[in-house]
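The structure under discussion appears below in the form of structure tokens.
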Amino acid sequence: MSGIYPHLSRAPIREAVLDIRVELPASFALEQLAPFTDLLSASFPEVRPIHTISANFAIGDKAPEISSAPPRIVGHIHWTQDKSRAVQGRLDGFTVNHVNSYKDWESLRLQAQELWRLYADVAHPVRVVRIALRYVNRLELLADAPLERSLRTLPKINSALPQHPTNHFMRLVLPFPESRQVVLTQATEDVDLLGNGMHEAGNSVGLLLDLDAFVSRSFDPRSSDMWAEFEQLREIKNLCFFESLTPEALERYR
């Protein structure tokens, strides 16, 4: 699977995310994550709670019944002052976000490894149950040009139909060896997965290419195996990115 791909000096990465889902000891409570917040306070001074909400739908002979529980805080997200990077510590895991500031894989991995050690020392995870790398790219498509000019992975449009859609959304789940998977999502214009609003500008149209590579497998939280697996996920993420774009499209980011 290993491949050599061209270096893109203007890579279109909007956000890069490294995520580790965990199983914590049954008795572990949210308050016990407080030392993790203290350790991050100098570099990640802005802290916001992460909420979850659950709802139940009961369908039977009578009218459907809906019940919900109040929002519950399950962790915190810690931001740098310039909002370019974040780290999340939650009861179900740990995440590092590089937002509009991605430099390279080595920088993301090294920072994540350092912060993960802090999280693991505080939370004492029993095991890791899932790991993921997600890259959200914003591409520029040529306005009024066939999708084939830019994309090699794209929806097939019957020749009897218009060939220049003004909007499209496509989601594929691609299987890879050893239970690895990639969720490949394309969304144009106002179908914005990040909520930032994308509109046609000049001679180009924005498209989000969202690649979420993950594996649901048990890892020892202290083992190097998990980080070796991240390298595999990065390879299949790269494969999906470079094989989804045409050489003409890639030239725009060299």
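The values are calculated or read from the model by the stated rules, or taken from the named source; none is laboratory data. Quantities reported herein were computed from a predicted structural model and do not represent experimental measurements. A quick note on method: Cβ atoms are made from the backbone with ideal geometry, for glycine too, and the neighbour counts reach across all protein chains shown. Accessible surface areas use protein heavy atoms only, side chains included; no ligands, DNA or RNA. Shrake-Rupley method; radii C 1.70, N 1.55, O 1.52, S 1.80 Å.
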Set of aspartates and glutamates near residue 156 by C-alpha distance (under 12 Å), chain-local residues within fewer than 8 positions excluded: 148
The chain - percent of accessible surface contributed by carbon and sulfur, probe 1.4 Å: 52 percent
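Pull out the extension gain between residue 73 and residue 114, defined as 0.36 nm times the separation in residues minus the alpha carbon to alpha carbon distance; nm, one decimal.
Numbers: separation 41, 0.36 × 41 = 14.76 nm, distance 2.48 nm.
So the chain would gain 12.3 nm between residue 73 and residue 114.
When only the heavy atoms of the protein chains count and the probe is 1.4 Å, how do 74, 87 rank by accessible area, highest first?
Values: 74 20, 87 0 Å².
Putting 74, 87 in descending order of accessible area: 74, 87.
Where Lys and Arg each count +1 and Asp and Glu each count -1, what net charge lies around residue 183 among other residues with Cβ under 12 Å from its Cβ? Intermediate results must be reported in sequence, preceding the final value.
Numbers: positive: 134, 171, 180, 237; negative: 210, 212.
Residues close to residue 183 contribute a combined charge of +2.
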Most to least packed among 217-226, 231-240, 161-170 [average Cβ atoms within 10 Å]: 231-240, 217-226, 161-170
Label zone at residue 124, where the point sits 7 Å out along the Cα-to-Cβ direction: region 204-245 residues whose backbone N lies under 15 Å: 221-222
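Determine the per residue accessible area of the chain with all protein chains present and a 1.4 angstrom probe, expressed in square angstrom.
54 Å²
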Helix axis angle, 105-123 relative to the chain longest principal axis, alpha carbon, degrees: 20 degrees
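If you average over every viewing direction, what projected area does the convex hull of the Cα atoms of the chain give, in nm²? Present the calculation step by step, with values, prior to reporting the outcome.
On the way: hull surface 72.5 nm².
Approximately 18.1 nm², given one-decimal rounding.
Nearest 20 debye, what's the magnitude of the dipole of the chain about its Cα centre given +1 on Lys and Arg Cβ and -1 on Asp and Glu Cβ? Working shown, then result.
Details: 27 positive and 32 negative charges, 29 e Å.
About 140 debye.
When the solvent-accessible surface of protein heavy atoms is calculated with a 1.4 angstrom probe, in what order do 117, 180 fall, highest first? Numbers along the way, then the final one.
Details: 117 130, 180 15 Å².
Listed by decreasing accessible area, they come as 117, 180.
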Extension gain, residue 179 back to residue 37 (0.36 nm per residue minus Cα-Cα distance, nm): 47.7 nm
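Starting from 0.36 nm per residue, how many nanometres of slack lie between residue 28 and residue 103 once their C-alpha separation is accounted for?
23.5 nm
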Tilt relative to the chain, helix 225-242 - C-alpha long axis, 0 to 90 degrees, to 10: 20 degrees
